[in-house]
Amino acid sequence: MFELLSQPIDMMREFFLAFGVTGLIIWTVIKILVVTVPLILAVAFYTLFERKIIGWMHVRQGPVYVGRIFGIGLIQPFADVVKLLIKEVIAPANANVFLYRLAPILALAPAFAAWAVVPFEDAVAISDANVGLLYLLAMTSMGVYGIIIAGWASNSKYAMLGAMRSAAQVISYEIAMGFAIVGVIVIAGSMNLSDIVRAQAGSSGLFDWFWLPLLPLFLIYFISGVAETNRAPFDMAEGESEIVAGFHVEYSGSTFAIFFLAEYANM
């Protein structure tokens with residue numbers, strides 16, 4: 001599909017770049033929107049899919065009433081967003097209000113910035129950086145700073161415990177993830193994500209991908225990725241049975257929604 005769009009995209013790019021710096025800014029904003037808007041919509045349906053799976057595991061239907069399209073409650077994620085946005089944001093007593101409100105942004109920004117180097121097609125990448133893989137690894141590990149600040153600024157023991165757990169988890173699994181990526185760099189001979197994609201091109205489909213010759217490293221990377229995104233069974237940072245809700249226990253309304261968006265954007 002992207003190959004069919006390649007020529008129109010090139011024409012649009014040349015049209016905007018003809019206007020100099022202003023056109024370059026407009027073209028960059030368009031590329032950012034092309035990546036972020038589908039990402040936000042994908043997060044909405046990820047939550048719906050996850051809740052339906054959990055409902056199936058509990059022998060129940062899950063979301064079904066809000067938006068009875070196909071009987072799956074298709075509008076439920078958007079109703080949840082509206083609910084969170086209209087709720088009041090209340091900072092805890094004795095909290096550092098500035099850092100308390102800044103922390104969700106610090107967690108969200110790296111999650112979105114990481115997508116800047118992901119090549120959907122040669123002409124549809126915000127930045128085709130030569131060190132794209134290193135940049136991606138760096139961005140995915142920076143979100144923990146927002147989590148640590150959230151735990152400290154909330155002036156809550158539970159939030160601080162969740163933040164410390166998250167920091168320890170990132171430090172533990174980031175090393176394994178980095179070593180797993182080295183194998184891909186060696187085979188592809190580049191850290192440019194576009195070059196890595198081209199190196200895996202072939203007539204055999206997914207059997208030409210690096211996961212097959214690098215299966216042990218693929219498994220290490222997969223497990224580390226699950227741990228870094230705080231999904232079960234590595235959801236220690238949000239252990240509800242132990243520390244209520246983890247690092248964002250004191251967050252509500254739009255600030256909690258931003259943390260929620262950052263978590264699923266990382267996934």
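Derivation of every value follows stated rules applied to the coordinates shown; laboratory data play no part. All values derive from a computational prediction rather than experimental measurement. Reconstructed Cβ throughout: ideal geometry from the backbone, glycine too, with neighbour counts over all protein chains shown.
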For the chain, whose charge dipole is built from +1 on Lys and Arg Cβ atoms and -1 on Asp and Glu Cβ atoms, the candidate among 204, 99, 140 with its Cα farthest towards the positive end is 99
Could you pull out every whole DSSP H run in the chain that spans at least 24 Å of Cα extent along its own axis and averages 1.0 or higher on the Kyte-Doolittle scale? 21-57, 97-113, 132-153, 157-188
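Starting from the eigenvalues of the Cα gyration tensor, five times each then square-rooted, give me the equivalent ellipsoid semi-axes of the range 71-139, largest first, whole Å.
Working through the eigenvalues yields semi-axes of 32, 23, 8 Å.
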Could you pull out every residue, at least 5 positions away or on a different chain, whose amide H is within less than 5 Å of the one on residue 235? Hs are placed 1.01 Å off N in the peptide plane, and Pro or chain starts have none. none
With Cα springs under 10 Å, the Gaussian network model of the chain assigns the largest mean-square fluctuation among 199, 257, 93 to 93
Output the Cα-based Rg and Dmax of the range 90-267 in Å, rounding Rg to one decimal and Dmax to a whole number. 18.1, 61
Computed over the range 1-86, Kirkwood Rh from alpha-carbon pairs, angstrom: 15.9 Å
Exposure proxy ranking, count of Cβ atoms within 10 Å, fewest first, for 196, 25: 25, 196
